Structures are given as C-alpha cells and as structure tokens.
Amino acid sequence: MNNRTEQAQQIQRIEGWRDALEELNAHIAPRFARPEVRARVGRYLFGLLGPVERKNGWQMAEHLGERTPDGVQRLLNAARWDHGEVRDDLREYVVGYFGDPAATLVIDETSFLKKGEKSVGVARQYSGTAGKVENCQVGVFLAYAAPNGGRAFLDRALYLPEEEWALDGERLREAGVPEEQMGFAKKGELARRMLERAFDAGVPASWVTGEEVYGQSTKLRRWLEERGKSYVLGVARSHPLWVALEGGGVPAQRRAEEIVAEAPAETWEKVRVGEGSKGPRLYEWARGRLPYESAPGWAQWLLVRRSVEDHEDLAYYRAYGPEGTPLAELARVAGVRWSIEEGFERAKGEVGLDQYEVRSWEAWHRHVTLCLLAHAFLEVTRAEANAAAEKGGQQYGRS
C-alpha cells in the first residue's frame, strides 16, 4: 500500500469522525473568546489526527490549507486562551467516557530530543526515550487507566532542570515561564501537583502507580498516605527500609535487596499482570509488611517482582493500601504502569506529541495539551469501535 492510498484512507476515517470531533470542539469552545481562534483550534485538532508526516508549524499549515505557519504559531504563542482550562476539559472528557472508581492513576515521564539550547527546559539530561544522557526536554505526565480498558492522559508538566533553568531567572523570563512556576520542582513534586488537581476535581480512582523516581520521593508517598490514597510505586534495590527484628526490639534499617534475598521460596507467587507484546506478562511476586505507622485498617508493604526465567531480574515497590489487599491486586496495579508507556508511543506516533517546534513555556503547554486531547479522542473512538464489535460488550458514552 503506497503513501497516497494510506493518506486517502486516513482522511476517509477522519471524515467519518467529523461529527464526534465537532462535539469535542464544542466541548472546549467556551475557552476561546474569539471565533477565529475557536475555528483554528478545531482545525488544529483535525490536523493532529490527520495524515501529516510531522505535526510542526509548516506541515500543519499546509495540511490546513494555509500558505504560511503564522496562524498556527499565533495559536500556540500569542492567541488568548488558557491551556490550564483546556487541560481541565481534557480531564472531564476522559472521565466522562472511562471514569471508574476502580481505575488507576499512572505517573511517568517521557523525553523530547531537541537541538540547541533556547527551548524551555532543554538541557543535557537523562532521556528514557534514548536510554542515555541527551539534549532534551522532559515532561511528567498523569494518565488514567480504567478496568474496562480505557486509557488516556489527564495532565502534563514540563520539568525545569535545576542548574540550567530553575536557578536562572533571566532565562526563565525569556522563555515566558510564569512567576508562579519559577523555582525548582522535583519530578515527584510535579507529580503531586497533578495528582492534587485530579483528586480535587473528584477523578474516580482507587490506586496510584509510578516508576522508581516517584516511589523514591518520601514527600510524595507521605502526601498520598495523608490523603488516604492507595499506591504501588517503584523504588531502587538500595531503597532503605526499617524492618522488625525477630523477637522484638528496635527495628533495623536494611536495603530492599537484602530483605528480599532472605525471602523463603514459598513466599513467591506467580501472577499474570496483563498482556505484553510477547504474550502474557507472567512474573513471580512476593511482599512483606513493613512496620510503619499507618491509618487504622491500612498497611504498608515491600512488594517485589521477579522474572520467572531469571531470578536475578527483580523490581521493587513500596505499596500502601487497605490491609486486606491481596498480593494479586498489588501486582495488578504495578503492572498497570506499562499502560502509560503505550500511551506515549501512541501519542507520539499518531498525534505528534513530540513533533513540535516551539520554544516558549506557553507554546509547549498548548501544543502538548491539544495533542493529549487528540489522543484521548482516538482512545475513546477505539473503545467505542471495540464495544460495537463485541455484541453485548461494554458500551461507552459520556456520562
């Protein structure tokens, strides 16, 4: 199949979505006071979903039938609209379709490889995308994973490296960073802010999960505990833990890997935690209760995942939840974290999440927010198509 045929099929699919897209555009329309901006946002979303090789200013403008990228650039840089309000609409849209009290909130980061040093937040830092230190921007994201299979993003935050950006007031002002956003915030703090917005908005969810950088944040874990929120968060093998000694006495501090090395063979249970690209994700799991003070009826655990084939391949987690929580439930929540990686892959590959050419704080947040909205639209469309294909299956619709 050649590129022209693929493009024609993609355009045909998008034309079939036009009514639903118009409904989504009407949902966010009140955020844009000027009619020309409302219209351009609608076209921009249409372009993000369209067969554009790269979703940058020039190619988006060409797809929209415009001679120059000036209009697209005005939308992202100068037009009057609040990306925070559209983010709130995104959250409402996702919860309206996928909302479930048993859902999991997933926090993770992704990087955007960049050249030069002018783009806000760009620096030589570790890139999970490249697997090494690269010149890049890093964004922290919050995603929603419902038991019915619904997956979409709710929020985003741009990480500002401390030395290169957070401590350089002049550079921050040149990039248009608002005064209230200046100063250094660790990734765990950015995650807390996004989770707080979700909790305050009443997003239905039972668990929070995330990788090691967030589990290592003591402040984040304690904040979740104070709010009565269950979590399964990754930690390093060297993570220090207080453990109770046999026969009582003062607890001792030990590394997570030291505790696990002494776990009896019968401690481990095989649990499948979803489907992967190579088939079922089957691992061995173990947990031990930690002697930390918790709310009545709640408990803390060290949770460990081990490869069935390679017992040296281990992953460690801190977990907090109702004390009757089964091991299989903790393992399931830990496995949900993979869903956000799939979300990043789709958002970058299908709606151009990483294909922007903007430099300012405002433009980054605007492009990324609209991309997440376009991605959510695709996820809702997929869910509805799958439900329609399965007679008697789960039906989706705005609540």
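Entry remark, region 146-161: residues being surrounded by fewer than 20 Cβ atoms within 10 Å (Cβ to Cβ) and at pLDDT below 95 number 3 in total. Can you spot a residue in region 82-97 that is farther than 27 Å from L142 by Cα, in the same structural domain as E174 (by TED's automatic domain parsing) and either out of contact with any strand residue (DSSP E or B) (no Cβ under 6 Å at 6 or more places or on another chain) or not in a loop (DSSP other than H, G, I, E, B) (or both)? Taking every residue of region 82-97 in turn, none turns out to be farther than 27 Å from L142 by Cα, in the same structural domain as E174 (by TED's automatic domain parsing) and either out of contact with any strand residue (DSSP E or B) (no Cβ under 6 Å at 6 or more places or on another chain) or not in a loop (DSSP other than H, G, I, E, B) (or both).
The residue list G234, G215 contains one member that is at pLDDT 95 or above, in the same structural domain as E323 (by TED's automatic domain parsing) and within 22 Å of A103 (Cβ to Cβ), which is G234. Sort out which residues of region 309-337 are surrounded by fewer than 22 Cβ atoms within 10 Å (Cβ to Cβ) and of a type in the set (S, T, Y), and write them in order of number. Of everything in region 309-337, just one residue is surrounded by fewer than 22 Cβ atoms within 10 Å (Cβ to Cβ) and of a type in the set (S, T, Y), namely T325. Within region 195-211, the only residue that satisfies the criterion of being charged (D, E, K, R) and over 14 Å from I107 (Cα atoms) is D200.
The values are calculated or read from the model by the stated rules, or taken from the named source; none is laboratory data. On a predicted model such as this, the values are computed, not experimentally measured, just so you know. When we count neighbours, we look across all protein chains shown, and the Cβ atoms used for this are built from the backbone with ideal geometry, even at glycine.
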